[in-house]
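Notes to accompany the following structure.
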Amino acid sequence: MNQTVRTDGAASCGQGQTVGVLAVQGAFVEHERRFERLGCRCIELRQASDAAKPFDRLVLPGGESTVQIKLLHELGMFEPLLERIAAGMPVLGTCAGLILLAARVGNGGAGGFGTLPVAVRRNAYGRQLGSFHASAAFAGLEHVPMTFIRAPLVVEAGEGVDVLARIDGSIVAVRYGNQLGVAFHPELDDDDRVLEAFLAMGGAESARAFWKSAEAVRSIG
Amino acid sequence: MPNSHPAFKTVVPNEQPTEGRSVLNRALAQMLKGGVIMDVTTPEQARIAEEAGACAVMALERIPADIRAAGGVSRMSDPAMIKGIQAAVSIPVMAKCRIGHFVEAQVLQAVEIDYIDESEVLSPADDTYHIDKTAFAVPFVCGARDLGEALRRIAEGASMIRTKGEPGTGDVVQAVRHMRMMNAQIGKVVSLREDELFEEAKQLQVPYDFVRFVHDEGRLPVVNFAAGGVATPADAALMMQLGAEGVFVGSGIFKSGDPAKRAQAIVKAVANFEDAGMIAALSEDLGEAMVGINEQEIDILMAERGR
């Protein structure tokens, strides 16, 4: 795909917002590039003093969840970030980030924040040979490209969890309050719509319109 | 059933790779960034590495320092040993095959390895040709001392590059040399006029399109890690400050006095590579580092293997 798919006013939809990107390991730079293109300011969260800085939204990128969870604890960021998520700060978890948010990790591995009432299975598609690319509906948006790299799956969604996307019946994107968890990597495909949906979460009235309309047309799940 | 997905069908082992594979394989390298990949020889070591925060492990029979000490021909590891390590950890598992030995690579693909390192640490099987890595569905990482080598390997299908360093020595000088060389050459390509890129491609002995990419983007088309001789948290942070996107640590961990502690310290140093205060704290009481050999003291320069 050569053309970036954008909705109207995309370049400015992040204007004035500061996104804190967890930057202990993984594909955090990819997220920063994309959110900056959408008008956001990004700060990297590498240690306790970073987690205390002001920011409006939190992004938990792809990478190795075992490494990220360990470093979150050891670098003193687990508690402050957990407090922010619990207080309702909008958070996006992609791939490993989804695992960090999940209340239960089915097949082992340390627990993360556990604020998203879903059970996930790590490496659900097997090793790298099982990584794949697909296109599916996401919260009423059509043909959203999705890249899965040694990806997890949501195997169980608790009460109040909105299922936003499925691949072959399996849940690959969920929303619960201001938490958005996706098993794929919207930061790798040239399509801003999932990231824009995140920027429209928990925001102003005009932004909420996106989710209202998305809910109205959602036929998946 | 996930297996019934059309995209999934194109990626079962031994099937012909599609163009999309190279994108997926480069993406896995992107997920490893900011991390430390550790050499391990047993499931026990693999678990120690995973618990210490390794983002992947390299399964091999002997670590480079021992390969160097033992001498003789060094080959791909026993698949049973690789499977033991795959069963022990949930992070990606890599393994090495000899330069040019495409059947060893086929074997590693058959055991569903996550990444193949076509490595100069093993004895080369072919002194002219590298493996045609575009013929494989699994990703490859290759060593490079300069921009020309890196782009030739990428043209052959490598989806990740690392410096060659000088493995098994605990001496970081070559990794530094290779990283600086790469950066300098990238800087030069960026500064060239567009009409000079054709000659540059000729000089580097690489396809024009790759030189064009480096000129426009100011970086390699794939992720670039440091490897060879990294033994301390400061070594790892040095390579990161020089522009590496992550670090391989071979002999440096399991040849040291307290592997678990050293491994953790290196992981944290890579995550906070610009924080000297933290690196200072991490460097305290790590026990004995691997002894190391200076590059002038060794007989075989592994980095000279494969061009």
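List of remarks:
- Nonlocal amide H pairs with B:Thr169, under 5 Å, H built at 1.01 Å: B:Gly229
- Length gained when the stretch B:Val103-B:Ala87 is fully extended (0.36 nm per residue, less Cα-Cα span): 3.4 nm
- C-alpha center-to-center spacing [segment A:13-63, segment B:238-253] in angstrom: 24
- Nonlocal amide H pairs with B:Ala144, under 5 Å, H built at 1.01 Å: B:Arg162, B:Thr163, B:Lys164
- Each residue of segment B:158-172 is assigned a 3J(HN,Hα), and the resulting list reads 5, 10, 7, 10, 9, 5, 7, x, 10, x, x, 10, x, 10, 8 Hz, derived from the Karplus form 6.51 cos²θ - 1.76 cosθ + 1.60 (θ = phi - 60°), x at Gly and Pro.
- For A:Gly126, neighbours were defined as the other residues whose beta-carbon sits under 9 Å from its Cβ, and their charges (Lys and Arg +1, Asp and Glu -1) total +1.
- Accessible surface buried by the B/A pair amounts to about 3300 Å², both sides summed, 1.4 Å probe.
- Estimated vicinal HN-Hα couplings, Hz - segment B:216-227 in sequence order (Karplus 6.51, -1.76, 1.60; Gly, Pro = x): 6, 9, x, 7, 5, x, 10, 5, 10, 9, 9, 8
- Long-range amide H partners of A:Gly106 with built H, under 5 Å: A:Val120, A:Arg121, A:Arg122
- Theoretical FRET efficiency, 1/(1+(r/R0)^6), r = Cβ-Cβ of A:Ala52 and B:Asp258, R0 22 Å, to 0.05: 0.10
- Computed over protein heavy atoms with a 1.4 angstrom probe, the accessible surface ordering of A:Cys13, B:Cys97, largest first, is A:Cys13, B:Cys97.
- Only Lys, Arg (+1) and Asp, Glu (-1) charged, at Cβ; chain B dipole about Cα centre in debye: 360
- Using a probe of 1.4 Å on the protein chains alone, the accessible area found for A:His73 is around 100 Å².
- Three-way shape call for segment A:95-152 based on the alpha-carbon gyration tensor, with the a/c threshold at 1.5: oblate
- Local net charge near B:Gly250, Cβ-Cβ under 14 Å (Lys/Arg +1, Asp/Glu -1): -1
- When the listed pairs B:Lys83/B:Lys268; B:Lys33/B:Lys202; B:Lys33/B:Lys268; B:Lys164/B:Lys268; B:Lys164/B:Lys255 are checked against a 21 Å cut-off, the alpha-carbon distance exceeds it for B:Lys83/B:Lys268; B:Lys33/B:Lys202; B:Lys164/B:Lys268.
- Electrostatic dipole magnitude of segment B:189-276 [Cβ: Lys, Arg +1; Asp, Glu -1; Cα centre; debye, to 20]: 620
- Helix-only mean residue ellipticity at 222 nm for chain B, each DSSP H run of n ≥ 4 adding -39500 (n - 2.57), per residue, nearest 500: -12500 deg cm²/dmol
- From the largest down, the protein assembly as shown spans 70, 53, 45 angstrom on the principal axes of its Cα atoms.
- 3J(HN,Hα) along segment A:182-190: 10, 7, 9, 10, x, 6, 9, 8, 7 Hz, from the Karplus curve 6.51 cos²θ - 1.76 cosθ + 1.60 with θ = phi - 60°, whole Hz, x for Gly and Pro.
- Looking at segment B:173-307, the pairs of alpha carbons with a distance over 27 Å make up 34% of the total.
- About its Cα centre, the protein assembly as shown has a charge dipole of approximately 740 debye under the convention of +1 per Lys or Arg Cβ and -1 per Asp or Glu Cβ, with nothing else charged.
- Computed from the C-beta positions of B:Arg180 and A:Glu159, the FRET efficiency with R₀ = 41 Å rounds to 0.15.
- Largest mean-square fluctuation among B:Gly71, B:Gly250, B:Gly157, in a Gaussian network model of chain B whose springs join Cα atoms under 10 Å apart, belongs to B:Gly71.
- When nucleic acids and ligands are ignored and a 1.4 Å probe is applied, B:Lys83 ends up with an accessible area of around 110 Å².
- Gap separating the Cα centres of segment A:76-126 and segment B:148-213, nearest whole Å: 39
- Summed residue charge, Cβ within 13 Å of B:Ala88's Cβ, Lys/Arg positive, Asp/Glu negative: -1
The values are calculated or read from the model by the stated rules, or taken from the named source; none is laboratory data. Here the structure is a predicted model, which means the values were calculated and not measured. Note: ideal-geometry Cβ built from the backbone for every residue, glycine included; neighbour counts use all protein chains shown. SASA here: full protein model, heavy atoms, side chains in, ligands and nucleic acids out. Shrake-Rupley method; radii C 1.70, N 1.55, O 1.52, S 1.80 Å.
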